[in-house]
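See below for the structure under consideration.
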Amino acid sequence: ILGWLAVSQMPSRYDSRARVFVQMRSILPAGADSANAMGDQQRDIDTVRQTLTSAVNLEKVVRGTDLAKTVSSDRDIADRAAGLQQAIKITAQQDNLFEIVTTAASPKLATSITQKLIDIFQESNLAGDRTETRQSLAFLDQQIAGRAKQLEGADQRRMAFDSQFAGILPGAGSIS
């Protein structure tokens, strides 16, 4: 009976788990150095962790879930966000696979917190992908313009050569 009484007094704790695959390769590779790529990969993993548990994102989670029902000021939101930082654990399972584990007092709350984290991360990545795509397109446009100038210069040199040596070249001139 004492054991049952002790167990009944323990607060309920629910975990919500989600696995997220994050594509971290850019459209244009930065370089072929494998040692640098390993450092970049670790930096990308740290960036994902920091992005998901940043204070700004955790405040968005508080405002977007049932946690916002019991807050009355910005200080309460900051306190809830600090508490969420302790309740959320992010682990890298493989290179691009992350597991998010959220602990909360109710299963609905744990699930909604995890889902809101994923939604916020997707929104921030879409904005980053657009910026990266714009930068890649600008880079490709610069490369095309440079190649067009090189091609134009080579064509002008060919035409100058043709006009200078028009009589010497085989197949040039008249039959007579």
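Only one of the numbered conditions (1) under 24 Å from T47 (Cβ atoms); (2) touching a residue at least 40 places away in the same chain (Cβ under 8 Å); (3) open to solvent by less than 50 Å² (accessible area, probe 1.4 Å) is violated by K60, and that is (3). So, D141, is that one out of contact with any helix residue (DSSP H, G or I) (no Cβ under 8 Å at 6 or more places or on another chain), surrounded by fewer than 12 Cβ atoms within 10 Å (Cβ to Cβ) and among the charged types (D, E, K, R) or not? Yes. Filtered by the rule that a residue be closer than 21 Å to M10 by Cβ, in a strand (DSSP E or B) and open to solvent by 30 Å² or more (accessible area, probe 1.4 Å), region 84-116 gives K89, T103.
The values are calculated or read from the model by the stated rules, or taken from the named source; none is laboratory data. Owing to the predicted nature of the structure, the values given are computational and were not obtained by experimental measurement. Neighbour counts are summed over all protein chains in view; Cβ atoms, including those assigned to glycine, are modelled from backbone coordinates with ideal geometry. For the accessible areas, the whole protein counts, side chains as well, though only heavy atoms, and no ligand, DNA or RNA atoms are used. Shrake-Rupley method; radii C 1.70, N 1.55, O 1.52, S 1.80 Å.
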